[in-house]
Amino acid sequence: MASDRRDQAVRAAVEQGLLTETEPVTALLDVAGIRASAAALRAVFQEITDAPVLHAFAVKATPLVPVLRLLHEEGIGAEVASPGELALARAAGVPPGRTVFDSPAKTHAELHAALTLGIAVNADNPQELARIDALVQAMPPGNVRSPIGLRVNAQIGAGAIGALSTATATSKFGLALRDEGARDRVVRACLDRPWLTRLHTHSGSQGLPLGLLTQGVRAVYELAEEINAAAGRQQIDTLDIGGGLPVNFASDEETPTFADYARLLSREVPGLFDGRYGLVTEFGRSLLAKHGTLLARVEYTKSAGSRPIAVTHAGAQVATRTVYNPASWPLRIVAYDAKGRPRTGQDIVQDIAGPACFAGDLLAEARGLPRLEQGDVVAVLDTGAYYFTNHYAYNSLARPAVHGFRTGPDGVAFATVRDAQTVDEIVAESGGAHSEALL
């Protein structure tokens, strides 16, 4: 079980010195769990369609080259939204034909590079389409190998977290399909460009129920049918249905599953899987979140207002979303003793605080846990995506090391995914080589 592997890994991390005075925070990734999620995603789509499917991992969720390489080996491509993310995918060996480039602000140079490499591009707006028009016309015939699509905002509404809802009436992403005259303009844009062969939609992620996600996919499917009917041929041959599967942060149970979502889509949008359309998915958080655990030493314990406080080295720099929006992003915390063994005893209400110098830097407030003591270890669960991999440099706190782990008969084996950031590296990043530039 994942929880058993986690307990073994925490104890081994303490015993093998991955938590130290100089590195009081470290992060773990469960390799077996990542492989299992990738296999589950592939398997369920193979069950319901014979058409080609590219599962492109949303690199922003966990931008680590070894993770992208592992996913590539597991048959998962890459969805990128910046030159940096594209560079990570290429460093991991993900080929251009298994890479998708999405961004609402692609530059001319970025588009040219993507089209030259043969990377799939989803255009976000009419001005970007005009820019691609010029690039396509300027390139020699046959040199544009990139599949090119158009992102559509189905405007189906928001989920529970507004900032992550990308299909609202005023979302910044894509062409708003329900605005007056917009649908006709989208159809005409496609008919005028025979090389525009894809439609893309992404309604959001955490906080969106499966039914709402399905509505967004149905809208883009119906639009593809309309375009193909108007063209008198199947011009749109691929639908990129985005990602966005929410994650259960309340327990170890992985719900909803990829199978839950795919089967709902199959029931509500059956034409999506009848073999006429190739598919692209862009899952991120749902592939990695459950397989990451953040560990931090308890440096001090104290109390204020009669409430115990455990001061740790993990806070806003590694759990930014939770610190700034705890109602939307609560995280589970498990207490271990100084030897990495699960701490037992009666739960008491206490705060788990981070090291940053503002009052709200809390991993958990008024949380019931066995009483933590100085030198104990807290494990912050479900943090494999958008947490320790997406650093926030508040107080110039260092990026933690990340280690992948495997469990077996001989115990736990760790492999370094990313080295901890050094103080010298922080100085260099902060203009250390230009110390006299403003004198």
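Any read-out appearing in this document is the output of simple, stated calculations on the displayed coordinates, not a laboratory observation. Here the structure is a predicted model, which is why all the values come from computation and not from measurement. Cβ coordinates were reconstructed from backbone atoms using ideal geometry, including for glycine residues, and neighbour counts include every protein chain displayed.
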In whole Hz, the Karplus estimates of ³J(HN,Hα) for segment 291-307 (6.51, -1.76, 1.60; θ = phi - 60°; x where Gly or Pro) are 9, x, 9, 9, 10, 9, 6, 7, 7, 9, 10, 7, 8, 8, x, 6, 9
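Looking at segment 32-288 only, what percent of DSSP beta bridges run antiparallel? Nearest 5 please.
Numbers: 1 of 27 bridges.
Bridges in segment 32-288 are about 5 percent antiparallel.
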Checked segment 1-109 against the a/c 1.5 cut and the a/b vs b/c comparison, axes a ≥ b ≥ c from its Cα gyration tensor; verdict oblate
The set of residues whose placed amide H lies less than 5 Å from the amide H of ALA120, leaving out same-chain residues fewer than 5 positions away, is THR99, PHE101
Residues whose built amide H sits under 5 Å from the amide H of HIS55, excluding neighbours closer than 5 in sequence, are GLY77, THR281
As a percent rounded to 5, the proportion of antiparallel DSSP bridges among beta bridges in the chain is 50 percent
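Do you know the relative contact order of segment 32-288, to the nearest whole percent, from alpha carbon pairs under 8 angstrom that are 6+ apart?
Once divided by the residue count of segment 32-288, the mean separation gives 21 percent.
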Sorted by chain and number, the residues with a modelled amide H under 5 Å from that of ASN153, at a separation of 5 or more or across chains, are LEU175, ALA176, LEU177
Whole-Hz Karplus couplings 3J(HN,Hα) for segment 376-393, θ = phi - 60° and coefficients 6.51, -1.76, 1.60, Gly and Pro as x, run 5, 10, 9, 10, 9, 8, 6, 10, x, 9, 6, 10, 5, 7, 10, 6, 10, 7
With the dipole of the chain defined by +1 on each Lys or Arg Cβ and -1 on each Asp or Glu Cβ, the option from ALA316, ALA56, VAL31 whose Cα lies farthest towards the positive pole is ALA56
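List nothing, just return the count: lysine pairs in the chain, 8 or more apart or interchain, with Cα separation under 26 Å.
Within the chain, the lysine pair count is 6.
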Taking every other residue with Cβ under 14 Å from the Cβ of GLN421 and scoring Lys and Arg +1, Asp and Glu -1, one gets -3
Most exposed to least, judged by fewest other Cβ atoms within 10 Å, SER328, SER306 sort to SER306, SER328
Relative contact order as a percentage, the chain, C-alpha pairs under 8 Å and 6+ apart, gives 18 percent
Checking rank on 39-46, 61-68, with mean other Cβ inside 10 Å and highest first, the result is 61-68, 39-46
Matching label for the computed Rg/Rh (Cα atoms, Kirkwood Rh), out of [x] 1.01; [y] 0.97; [z] 1.10, is [x]
Per the rule of 0.36 nm per residue minus the C-alpha distance, extending THR344 to ARG276 adds in nm 18.9 nm
About its Cα centre, segment 32-288 carries a charge dipole, from +1 on Lys and Arg Cβ atoms and -1 on Asp and Glu Cβ atoms, whose size in debye to the nearest 20 is 440 debye
Taking every DSSP bridge whose two residues both lie in segment 300-363, the antiparallel percent to the nearest 5 is 70 percent
With +1 at each Lys and Arg Cβ and -1 at each Asp and Glu Cβ, the charge dipole magnitude of the chain around its Cα centre, to the nearest 20 debye, comes out at 360 debye
By Cβ neighbour count within 10 Å, fewest first, TRP195, TRP329 rank TRP195, TRP329
For the chain, the charge dipole (Cβ of Lys, Arg +1; Cβ of Asp, Glu -1; about the Cα centre) points to a positive end, and the Cα of LEU71, VAL378, PRO342 closest to that extreme belongs to LEU71
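What does the extension gain come out to for GLN374 and GLU47, with contour length at 0.36 nm per residue minus their alpha carbon separation? Before the final figure, lay out the partial values.
On the way: separation 327, 0.36 × 327 = 117.72 nm, distance 5.13 nm.
The span from GLN374 to GLU47 would gain 112.6 nm if fully extended.
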In degrees rounded to 10, the 0-90 angle between helix 108-117 Cα long axis and the longest Cα principal axis of the chain is 80 degrees
Stretched fully, the stretch from ALA230 through ASP424 gains (0.36 nm per residue minus C-alpha distance, one decimal, in nm) 63.7 nm
Checking THR293, THR107, THR389 against a Gaussian network model of the chain (alpha-carbon springs below 10 Å), the top fluctuating residue turns out to be THR107
Of segment 391-434, those with amide N under 14 Å from the point 7 Å along the Cα→Cβ vector of THR20 are 401-402, 419-423
